[in-house]
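The values are calculated or read from the model by the stated rules, or taken from the named source; none is laboratory data. This structure is a prediction, so every number in the text was calculated from the model and none was measured. Cβ sites come from the backbone with ideal geometry, for glycine too, and all protein chains shown count toward neighbours. For the accessible areas, the whole protein counts, side chains as well, though only heavy atoms, and no ligand, DNA or RNA atoms are used. Shrake-Rupley method; radii C 1.70, N 1.55, O 1.52, S 1.80 Å.
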Amino acid sequence: MDSIRIVGGHRLNGTIPISGAKNAALPLMIASLLTNETLTLENVPDLADVGLLKRILANHGVDYMVSGKRPGDLPNSGQTLGLTAAEIVDTTAPYDLVSRMRASFWVIGPLLARMGEARVSLPGGCAIGTRPVDFFLMGLRDLGAEIELDRGYVVARAPGGLKGGRVRFPNVSVGATHTVMMAATLASGETVIENAAREPEVADLAACLGKMGARIEGAGTSTIRIEGVPRLHGAVHPVLPDRIETGTYAMAVAATGGDVILQGAHPELLQSALDVLATAGASVADVEGGIRIVRNGAGVEPVTVTTAPFPGFPTDLQAQLMALATRADGTSSITETIFENRFMHVQELARLGADIRLNGQTATVTGVKSLKGAHVMATDLRASVSLVIAGLTAEGETTVNRVYHLDRGFERLEEKLSACGAEIERVRG
Ligand code: UD1
């Protein structure tokens, strides 16, 4: 297994190109199941999760084509992926594939809508909480699906097709919103989703579905209305820039000090995180084509932050913020409200000398003068990158083991950071 070796203590200076968003690319790829024509996605990041989803979709009959680079394309521009589900050859998503990535469960919506049946294994993914699928099942039942559980599989049927309905989610769920919205595009009549996720990736998926002929209003707000249509067609759609990657590098610069332009980043996708960074003492400015983050001279100020669904502070940046808070002049308080077990980075940060106390869902982080390099273990995707941030600021050498978690969500991380002066390399295992 590969590991990442970091020698800390270097400031970051330069430009970091931001990739297409993993969390937008995955539902967009899944939307290709809704039509027999080609869905072309631009700016798709080259990530392990994207590769795994290609395999899962291929199993259902999706052909894919990756376009080569054109003259003038930036070396860091993402790939263009053409996905064609001319025929769905299998409506089963098997355990060995779905158990490796939770988002692959979302195929249940389009398969059911287009084929009237789907048999999808219960999901796996990061071990950050129980992550049930009850909201998905509730939403699909509200659209007329019959659902039963059969030996670890969800079996969903709608022999006469799905019918529009009213879906009210008890809590905000990004995945359930994506899934029910996709299913409703081909249902007969109108569907109203209440308490829908407002994440930018939901609005991005709706924009793409709109190009494919779907009739959707209100995506990006908590009430989405979908008027079903008999069929969808092909489209071309660029993937949004990754707001979590943006926030991660912004936290890294705030932690190490320096001056970096996050090229291609859109500030409105992560305003709450940028506000927290400003409170922590970083200067954040919108510049042409991106965001500039600077921390020179000033120390890191403590912060009090609670994660929340969009537009609140994202749970996917909680671990990275904690790494930053370990360097603050004072005590920070970070409360996690989305996932019940998303603190596995705490004990690893402690190995580097961080002072963190956990009380229920709140971590109290008292800044220390310095962290000291050590061997640490990546436990999940976002936790792994918080260890990289901590390693960048620590004295001496840090080795982050099990970096396959990082490869699920961060494209060319070592390259992007070393171009800005970090001493970081991948050690092949
Ligand atoms: C998505 C993101 C993930 C992010 C999360 C929250 C992708 C690929 N992943 O995950 O990076 O951390 O949103 O912003 O986009 N829940 C239920 N029942 C359900 C569904 C969800 O109880 O049927 C709960 C979950 O356990 C969790 C909360 O709802 O506590 C939010 O989860 P959800 O928004 O569904 O997360 P994902 O879509 O899996």
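Spatial offset of segment 322-353 relative to segment 180-198 amounts to 37 Å, using the alpha carbon center of each. Among Ala196, Ala252, Ala58, the largest mean-square fluctuation in a Gaussian network model of the chain (Cα springs under 10 Å) belongs to Ala58.
Per residue, how much accessible surface does the chain expose to a 1.4 Å probe? Answer in Å², no decimals.
Numbers: 16190 Å² over 429 residues.
Value returned for the chain: 38 Å² of accessible area per residue.
Per-residue ellipticity at 222 nm computed for the chain from its helices equals -8500 deg cm²/dmol, with DSSP H segments shorter than 4 residues left out and the rest contributing -39,500 (n - 2.57).
Cross-link partners of Lys54 among lysines, defined as those whose alpha carbon lies under 27 angstrom from its own and excluding same-chain residues fewer than eight positions apart: Lys22, Lys69, Lys211, Lys416. Restriction of the GluC sites (Glu not before Pro) in segment 1-106 to DSSP coil positions whose beta-carbon has at most 15 other beta-carbons within 10 angstrom yields Glu87. First check a/c for segment 249-343, with a ≥ b ≥ c the square roots of the eigenvalues of its C-alpha gyration tensor; if it is under 1.5, answer rounded, and if not, answer prolate when a/b is larger than b/c or oblate otherwise. Oblate, since a/c reaches 1.5 and b/c is not below a/b.
Here is the size of segment 332-429 from its Cα atoms: Rg then Dmax, 13.7, 39 Å. Taking amide hydrogens as placed 1.01 Å from N in the peptide plane, the amide H of Ser173 sits under 5 Å from those of Ala197, each at least 5 positions away in sequence or on another chain.
For the pair Asp286 and Ser333, a Förster radius of 35 Å applied to the C-beta separation gives a FRET efficiency near 0.75, rounded to the nearest 0.05.
Considering only Ala298, Ala24, Ala273, the Gaussian network model of the chain with Cα springs below 10 Å gives its largest mean-square fluctuation to Ala298. Proximity of backbone amide H atoms, modeled 1.01 Å from N, is registered between Leu371 and Glu395 at under 5 Å, excluding neighbours fewer than 5 places apart on the same chain. Applied to segment 93-108, the Karplus parametrisation 6.51 cos²θ - 1.76 cosθ + 1.60 on θ = phi - 60° returns per-residue 3J(HN,Hα) values of 10, x, 4, 5, 8, 5, 5, 8, 7, 4, 4, 5, 4, 5, 4, 4 Hz, with x for Gly and Pro. Springs between Cα atoms under 10 Å define the GNM used for the chain, and in it the highest mean-square fluctuation of Pro45, Pro110, Pro309 occurs at Pro309.
Taken along its principal axes, the alpha carbon cloud of the chain reaches lengths of 65, 53, 40 Å, longest axis first.
Using the Cα gyration tensor of segment 188-263, with a ≥ b ≥ c the square roots of its eigenvalues, what is the shape: rounded (a/c below 1.5), prolate (a/b larger than b/c) or oblate (neither)? Since a/c reaches 1.5 but b/c is at least a/b, the shape of segment 188-263 is classed as oblate. Of the solvent-accessible surface of the chain, computed with a 1.4 Å probe and all protein chains present, 48% belongs to carbon and sulfur.
Ranking request for peptides 346-352, 95-101: highest mean number of other beta-carbon atoms within 10 Å first, then the rest in descending order.
Details: 346-352: 19.9, 95-101: 17.3.
Ranking, from highest mean packing down: 346-352, 95-101.
Across segment 27-37, computed HN-Hα scalar couplings (Karplus, 6.51 cos²θ - 1.76 cosθ + 1.60, θ = phi - 60°) run x, 4, 4, 5, 4, 5, 5, 7, 9, 8, 9 Hz from first to last residue, x flagging Gly and Pro.
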